[in-house]
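What follows is a single structure, written as structure tokens, with notes after it.
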Amino acid sequence: MKISPIINAAELRNLSKGNLVIVDAGSGDAASEHYLSEHIDGALYVDLNKDLAQIPENAKDGGRHPLPDLEKFAELLATLGIDENSHIIVYDDKNAANAAARFWWMLRSVGIENVQVLNGGFQAAKAQGFPINSEIAEAGKVEKLTLKKWKLPKVDMDFIEKNSENPEFTVIDVREKDRYDGKSEPIDEIAGHIPGAVNIPFKENLNEDGTFKNPDILRKKYDKILKNTNSTKIAVHCGSGVTACHTLLALDYAGFEIPSLYVGSWSEWSRNDKPVAKNID
């Protein structure tokens, strides 16, 4: 039986410790320092930039956070004590929008099914009185997996260019509306969006407290937007292929098949002289 991709802190208390691996997914020095000062008891750490991406010299070549080499990812999983029998709980402190959803997608994409994202992240666990400390856990010993390919669907820039304005295909841009509209761009070089893309900010997946909305609510929301479109004709992107995974997670939670991820996202598209649309009065 398939497990839910989302787990609440109260549920985490009751899980068997035998094959459980808890992972704190962060990004950058501040996240690493926070992990060293406090994290969920027993959690190991992964870093978006160092572990979950293979960052090129120029984001033109695959975006700001291309996927790492599969051999590198296999080595990471071995150091975390993760194999095909593991039950992984991953969290971050950004409502899964920082690195937790990205790690969830990567694990699912190499065939590891028993992976869940902690609803509300670190803050929710702390508020629930879950054990928090600064002790560095030791990973269990496992044999390194042989990973041959990313199994979940993904598309590249050429595919998006050919299909973004095809009425039978839907490109979802999960960035904030002002970035999509072209009114501001705090990270990448050009503001705007891929022509034909629809804007559904990832924050709309969440309640005010940072937890995911009920799956039935998410189902109704995306049903209206994606009616008459099957999962093979949907691609999701963001700035660099990270927060897009938040919406892929929400769609899985709502019972949809996981659509394609455009990993390069806006950071790649906007640096390659591709057409740009704006919604500025």
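The values are calculated or read from the model by the stated rules, or taken from the named source; none is laboratory data. This structure is a prediction, so every number in the text was calculated from the model and none was measured. Every residue, glycine as well, gets a Cβ built from its backbone with ideal geometry; the counts of neighbours run over all protein chains shown.
Just wondering, is there one or more residues in the range 94-108 that are closer than 23 Å to L206 by Cβ, charged (D, E, K, R), modelled with pLDDT under 95 and assigned to a loop (DSSP other than H, G, I, E, B)? Spell out the reasoning first.
Initial filter on the range 94-108 (closer than 23 Å to L206 by Cβ): 94-108.
Retained after the next criterion (residues that are charged (D, E, K, R)): 94, 102, 108.
Those left that are additionally modelled with pLDDT under 95: 94.
Those still in the list that are assigned to a loop (DSSP other than H, G, I, E, B) too: 94.
Yes, the range 94-108 contains a residue that is closer than 23 Å to L206 by Cβ, charged (D, E, K, R), modelled with pLDDT under 95 and assigned to a loop (DSSP other than H, G, I, E, B).
State whether one or more residues within the range 80-94 are over 16 Å from the mean Cα position of the chain (by Cα), on the phi < 0 side of the Ramachandran plot and among the aromatic types (F, W, Y). Even if it seems obvious, please write down each step before you answer.
Start the filter on the range 80-94 by keeping residues that are over 16 Å from the mean Cα position of the chain (by Cα), which leaves 80-87.
Checking which are on the phi < 0 side of the Ramachandran plot leaves us with 80, 82-87.
After this cut, where a residue has to be among the aromatic types (F, W, Y) as well, the list is none.
There is no residue in the range 80-94 that is over 16 Å from the mean Cα position of the chain (by Cα), on the phi < 0 side of the Ramachandran plot and among the aromatic types (F, W, Y).
Name the helices (runs of 4 or more DSSP H) wholly inside the range 215-281 in which the number of residues that are touching a Phe, Trp or Tyr at 6+ places or on another chain (Cβ under 9 Å) and more than 27 Å from L48 (Cβ to Cβ) is 1 or more.
On the way: elements: 215-226, 244-253, 265-269.
Helices (runs of 4 or more DSSP H) meeting the threshold: 215-226.
If a residue has to be under 19 Å from the mean Cα position of the chain (by Cα) and assigned to a strand (DSSP E or B) to count, how many in the range 4-54 make the cut?
12
Here is a yes/no grid of residues against (1) out of contact with any Lys or Arg (no Cβ under 8 Å at 6 or more places or on another chain); (2) within 30 Å of D273 (Cβ to Cβ); (3) surrounded by 15 or more Cβ atoms within 10 Å (Cβ to Cβ); (4) β-branched (V, I, T):
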{"position": "L77", "(1), (2), (3), (4)": "no, no, yes, no"}
{"position": "G81", "(1), (2), (3), (4)": "no, no, yes, no"}
{"position": "D92", "(1), (2), (3), (4)": "yes, no, yes, no"}
{"position": "R102", "(1), (2), (3), (4)": "yes, yes, yes, no"}
{"position": "V110", "(1), (2), (3), (4)": "no, no, yes, yes"}
{"position": "A137", "(1), (2), (3), (4)": "yes, no, yes, no"}
{"position": "T146", "(1), (2), (3), (4)": "yes, no, no, yes"}
{"position": "S164", "(1), (2), (3), (4)": "yes, yes, yes, no"}
{"position": "P167", "(1), (2), (3), (4)": "yes, yes, no, no"}
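Among the candidates V171, V142, single out the residue that is surrounded by 14 or more Cβ atoms within 10 Å (Cβ to Cβ), outside the structural domain of S86 (by TED's automatic domain parsing), in a loop (DSSP other than H, G, I, E, B) and of a type in the set (A, V, I, L, M). Please lay out each step first, then the result.
Values: V171 fails: in a loop (DSSP other than H, G, I, E, B).
After ruling out the rest, the residue left standing is V142.
I'd like to check something: does the range 24-33 contain any residue that is over 30 Å from K274 (Cβ atoms), surrounded by 24 or more Cβ atoms within 10 Å (Cβ to Cβ) and in contact with a Ser or Thr (Cβ under 9 Å, 6 or more places away or on another chain)?
Yes, the range 24-33 contains a residue that is over 30 Å from K274 (Cβ atoms), surrounded by 24 or more Cβ atoms within 10 Å (Cβ to Cβ) and in contact with a Ser or Thr (Cβ under 9 Å, 6 or more places away or on another chain).
Identify all residues within the range 203-212 that are surrounded by fewer than 24 Cβ atoms within 10 Å (Cβ to Cβ) and in contact with a Phe, Trp or Tyr (Cβ under 9 Å, 6 or more places away or on another chain); write none if there are none.
Taking the range 203-212 and keeping what is surrounded by fewer than 24 Cβ atoms within 10 Å (Cβ to Cβ), we get 203-204, 206-212.
L206, F212 - these are the residues of the range 203-212 that are surrounded by fewer than 24 Cβ atoms within 10 Å (Cβ to Cβ) and in contact with a Phe, Trp or Tyr (Cβ under 9 Å, 6 or more places away or on another chain).
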